[in-house]
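The values are calculated or read from the model by the stated rules, or taken from the named source; none is laboratory data. Every value quoted in this text rests on a predicted model; they were computed, and no experiment measured them. Please note: Cβ atoms are built from the backbone with ideal geometry, for glycine as well, and neighbour counts cover all protein chains shown. These accessible areas exclude ligands, DNA and RNA; they are computed on the full protein's heavy atoms, side chains included. Shrake-Rupley method; radii C 1.70, N 1.55, O 1.52, S 1.80 Å.
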Amino acid sequence: MTEPITIGVDHGYTAMKTAHCSFPSGLAEYEHEPYTQKNVLCYDGKYYVVGSGRQPLQQDKTVDENYYLLTLAAIAKELEQYRLFTASLCLSVGLPLSWVGSQRESFRQYLMQNETIRFRFNGNLFQLRIVGCKVYPQGYAAIVQQLADFEGEHLLADIGNGTMNLLYLTDSQPQESRCWTEKIGVNQCMIRAKE
(Lines give C-alpha, C1' and ligand atoms only; values in the text may rest on other atoms or scores of the structure.)
Protein backbone atom coordinates (compact mmCIF):
# COMPACT_ATOMS: atom_id res chain seq x y z
CA MET A 1 0.00 0.00 0.00
CA THR A 2 1.21 3.46 -0.86
CA GLU A 3 1.12 6.88 0.81
CA PRO A 4 -2.11 7.32 2.84
CA ILE A 5 -5.05 8.96 1.10
CA THR A 6 -7.21 11.34 3.13
CA ILE A 7 -10.93 10.81 2.71
CA GLY A 8 -13.44 13.15 4.27
CA VAL A 9 -16.75 11.62 5.36
CA ASP A 10 -19.78 13.56 6.61
CA HIS A 11 -21.87 11.20 8.76
CA GLY A 12 -25.29 12.81 8.40
CA TYR A 13 -28.52 11.40 9.77
CA THR A 14 -30.14 11.78 6.36
CA ALA A 15 -27.15 11.38 4.04
CA MET A 16 -23.56 10.22 4.02
CA LYS A 17 -21.31 12.52 2.01
CA THR A 18 -17.78 12.50 0.61
CA ALA A 19 -16.07 14.81 -1.86
CA HIS A 20 -17.61 13.01 -4.85
CA CYS A 21 -20.73 11.25 -3.62
CA SER A 22 -23.76 11.49 -1.42
CA PHE A 23 -26.25 8.77 -0.54
CA PRO A 24 -29.08 8.31 1.98
CA SER A 25 -27.84 6.94 5.30
CA GLY A 26 -30.21 3.98 5.29
CA LEU A 27 -28.96 0.47 5.86
CA ALA A 28 -30.80 -2.86 5.47
CA GLU A 29 -29.18 -6.12 6.58
CA TYR A 30 -29.58 -9.44 4.75
CA GLU A 31 -28.35 -12.89 5.78
CA HIS A 32 -28.07 -13.93 2.13
CA GLU A 33 -26.95 -12.04 -0.93
CA PRO A 34 -29.79 -9.69 -1.93
CA TYR A 35 -31.29 -9.71 -5.41
CA THR A 36 -29.88 -6.27 -6.19
CA GLN A 37 -26.21 -5.76 -6.94
CA LYS A 38 -26.33 -2.00 -6.52
CA ASN A 39 -25.02 -0.45 -3.28
CA VAL A 40 -24.43 -3.85 -1.69
CA LEU A 41 -21.83 -4.07 1.07
CA CYS A 42 -20.61 -7.54 2.05
CA TYR A 43 -18.76 -7.38 5.36
CA ASP A 44 -18.04 -10.00 8.00
CA GLY A 45 -20.23 -12.60 6.24
CA LYS A 46 -23.31 -10.38 6.10
CA TYR A 47 -24.89 -8.35 3.33
CA TYR A 48 -26.14 -4.79 3.59
CA VAL A 49 -27.95 -2.65 1.06
CA VAL A 50 -27.02 0.97 1.70
CA GLY A 51 -28.80 4.08 0.56
CA SER A 52 -32.46 3.65 1.42
CA GLY A 53 -34.07 5.32 4.41
CA ARG A 54 -32.14 7.20 7.07
CA GLN A 55 -30.60 6.76 10.50
CA PRO A 56 -32.57 7.74 13.58
CA LEU A 57 -31.47 10.88 15.37
CA GLN A 58 -29.16 9.68 18.14
CA GLN A 59 -26.70 11.67 20.17
CA ASP A 60 -24.02 8.97 20.03
CA LYS A 61 -23.32 7.50 16.59
CA THR A 62 -21.23 4.67 18.07
CA VAL A 63 -24.11 2.84 19.81
CA ASP A 64 -24.32 0.26 17.01
CA GLU A 65 -22.32 -0.68 13.93
CA ASN A 66 -24.51 1.22 11.44
CA TYR A 67 -22.25 4.26 11.01
CA TYR A 68 -19.18 2.03 10.76
CA LEU A 69 -20.81 0.11 7.90
CA LEU A 70 -22.00 3.31 6.25
CA THR A 71 -18.44 4.64 6.52
CA LEU A 72 -17.15 1.58 4.65
CA ALA A 73 -19.72 2.19 1.91
CA ALA A 74 -18.77 5.89 1.72
CA ILE A 75 -15.08 5.02 1.45
CA ALA A 76 -15.83 2.45 -1.26
CA LYS A 77 -17.95 4.92 -3.25
CA GLU A 78 -15.19 7.52 -3.05
CA LEU A 79 -12.42 5.09 -4.02
CA GLU A 80 -14.50 3.71 -6.90
CA GLN A 81 -14.15 7.15 -8.51
CA TYR A 82 -10.47 6.35 -8.98
CA ARG A 83 -10.81 2.58 -9.58
CA LEU A 84 -8.75 2.16 -6.42
CA PHE A 85 -9.45 -0.97 -4.35
CA THR A 86 -6.33 -1.25 -2.18
CA ALA A 87 -5.20 1.75 -0.14
CA SER A 88 -3.97 3.18 3.13
CA LEU A 89 -6.39 5.79 4.44
CA CYS A 90 -6.60 8.64 6.87
CA LEU A 91 -10.22 9.55 7.62
CA SER A 92 -11.31 13.12 8.21
CA VAL A 93 -14.74 13.24 9.85
CA GLY A 94 -16.95 15.62 11.78
CA LEU A 95 -19.21 15.66 14.81
CA PRO A 96 -21.78 18.24 15.86
CA LEU A 97 -20.06 21.20 17.54
CA SER A 98 -21.33 20.59 21.05
CA TRP A 99 -20.50 16.87 20.94
CA VAL A 100 -16.90 17.08 19.72
CA GLY A 101 -15.35 17.55 23.16
CA SER A 102 -17.08 14.58 24.78
CA GLN A 103 -17.17 12.20 21.79
CA ARG A 104 -14.09 12.94 19.68
CA GLU A 105 -11.97 10.10 21.00
CA SER A 106 -14.72 7.47 21.14
CA PHE A 107 -15.81 8.28 17.55
CA ARG A 108 -12.20 8.13 16.37
CA GLN A 109 -11.70 4.73 18.03
CA TYR A 110 -15.03 3.50 16.64
CA LEU A 111 -13.97 4.34 13.07
CA MET A 112 -10.49 2.86 13.60
CA GLN A 113 -11.70 -0.35 15.29
CA ASN A 114 -10.03 -2.41 12.54
CA GLU A 115 -6.67 -1.34 11.19
CA THR A 116 -7.00 -3.61 8.17
CA ILE A 117 -10.35 -4.18 6.51
CA ARG A 118 -11.49 -6.48 3.71
CA PHE A 119 -14.98 -6.14 2.30
CA ARG A 120 -16.88 -6.16 -0.96
CA PHE A 121 -18.91 -3.29 -2.30
CA ASN A 122 -20.80 -3.51 -5.59
CA GLY A 123 -18.90 -6.75 -6.23
CA ASN A 124 -15.46 -5.17 -5.88
CA LEU A 125 -13.05 -6.42 -3.22
CA PHE A 126 -11.59 -3.61 -1.08
CA GLN A 127 -8.48 -4.17 1.04
CA LEU A 128 -7.84 -1.13 3.18
CA ARG A 129 -5.60 -0.04 6.00
CA ILE A 130 -6.86 2.76 8.26
CA VAL A 131 -3.77 4.63 9.50
CA GLY A 132 -5.45 7.66 11.03
CA CYS A 133 -8.69 9.43 11.78
CA LYS A 134 -9.14 13.12 12.57
CA VAL A 135 -12.40 14.37 14.07
CA TYR A 136 -13.41 18.01 13.55
CA PRO A 137 -16.42 20.11 14.52
CA GLN A 138 -19.01 20.02 11.73
CA GLY A 139 -19.23 23.25 9.78
CA TYR A 140 -16.05 24.71 11.26
CA ALA A 141 -13.86 23.01 8.67
CA ALA A 142 -15.68 24.93 5.93
CA ILE A 143 -14.41 28.29 7.23
CA VAL A 144 -11.11 27.51 8.96
CA GLN A 145 -9.05 28.57 5.91
CA GLN A 146 -10.75 32.00 5.86
CA LEU A 147 -10.83 32.73 9.61
CA ALA A 148 -8.70 35.86 9.19
CA ASP A 149 -11.48 37.40 7.06
CA PHE A 150 -14.05 37.21 9.86
CA GLU A 151 -13.73 40.54 11.67
CA GLY A 152 -16.38 41.52 14.19
CA GLU A 153 -19.22 39.22 15.21
CA HIS A 154 -20.32 36.29 13.00
CA LEU A 155 -22.55 33.27 13.40
CA LEU A 156 -21.65 30.01 11.69
CA ALA A 157 -24.72 27.84 11.05
CA ASP A 158 -24.32 24.34 9.64
CA ILE A 159 -27.89 23.28 8.91
CA GLY A 160 -28.49 19.63 8.12
CA ASN A 161 -31.66 17.57 8.00
CA GLY A 162 -31.27 16.25 11.54
CA THR A 163 -29.21 18.84 13.41
CA MET A 164 -28.18 22.47 13.21
CA ASN A 165 -24.75 23.43 14.58
CA LEU A 166 -24.25 27.04 15.64
CA LEU A 167 -20.98 28.76 16.53
CA TYR A 168 -20.29 32.42 17.26
CA LEU A 169 -17.04 33.96 16.03
CA THR A 170 -15.66 37.18 17.47
CA ASP A 171 -12.80 38.81 15.54
CA SER A 172 -11.90 35.52 13.83
CA GLN A 173 -11.94 33.56 17.10
CA PRO A 174 -14.44 30.76 17.69
CA GLN A 175 -16.32 31.26 20.96
CA GLU A 176 -16.40 27.80 22.52
CA SER A 177 -18.78 28.96 25.22
CA ARG A 178 -21.18 30.15 22.52
CA CYS A 179 -21.65 27.04 20.41
CA TRP A 180 -24.42 24.50 20.49
CA THR A 181 -26.26 21.87 18.51
CA GLU A 182 -30.01 22.02 17.99
CA LYS A 183 -31.81 18.77 17.23
CA ILE A 184 -33.76 20.36 14.43
CA GLY A 185 -33.13 20.26 10.72
CA VAL A 186 -34.13 22.05 7.54
CA ASN A 187 -37.82 21.15 7.65
CA GLN A 188 -38.24 22.21 11.29
CA CYS A 189 -36.33 25.43 10.60
CA MET A 190 -38.66 26.30 7.72
CA ILE A 191 -41.71 25.71 9.91
CA ARG A 192 -40.27 27.90 12.70
CA ALA A 193 -39.25 30.63 10.24
CA LYS A 194 -42.79 30.73 8.85
CA GLU A 195 -44.20 31.03 12.36
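Points to keep in mind about this one:
- Dividing the mean sequence gap of close Cα pairs (under 8 Å, 6+ apart) by how many residues the chain holds gives a relative contact order of 19 percent.
- GNM result for the chain, Cα springs below 10 Å: residue of Glu78, Glu31, Glu105 fluctuating most strongly: Glu31
- Volume of the convex hull of the chain (Cα atoms only), normalised per residue: 135 Å³.
- With the convex hull drawn over the C-alpha atoms of region 78-158, the volume per residue is 128 Å³.
- Most mobile of Gln145, Gln59, Gln127 in a GNM of the chain (Cα contacts under 10 Å): Gln145
- Region 116-159 - percent of accessible surface contributed by carbon and sulfur, probe 1.4 Å: 48 percent
- Distant alpha-carbon pairs in region 132-195 (separation over 16 angstrom), percent: 52 percent
- Around Tyr43: net Lys/Arg minus Asp/Glu count, Cβ-Cβ under 12 Å: 0
- Residues of the chain: accessible area per residue with a 1.4 Å probe, Å²: 54 Å²
- Given the chain, longest segment not containing exposed loop chymotrypsin sites (Phe, Trp or Tyr not before Pro) (DSSP; at most 16 other Cβ within 10 Å): 86-149
- Across the protein chains, with a 1.4 Å probe defining accessible surface, the residues Thr2, Thr86 rank Thr2, Thr86 from largest area downward.
- With K and R counted +1 and D and E -1, the other residues having a Cβ less than 14 Å from that of Glu105 yield a net charge of +3.
- Volume per residue for region 1-93 equals 106 cubic angstrom (convex hull of Cα atoms).
- All C-alpha to C-alpha distances of region 1-53, sorted into 5 Å bins beginning at zero, yield P(r) values of 5, 18, 21, 19, 18, 13, 6, 1 percent in whole numbers.
- Against the chain, whose longest principal axis is taken from its Cα atoms, helix 66-80 shows a tilt of about 80°.
- Theoretical ellipticity at 222 nm over the chain - DSSP helices of four or more residues, -39500 (n - 2.57) apiece, nearest 500: -5500 deg cm²/dmol
- Near the amide H of Gly12, within less than 5 Å, lie the amide hydrogens of Lys17, all on another chain or at least 5 residues away, with H placed in the peptide plane.
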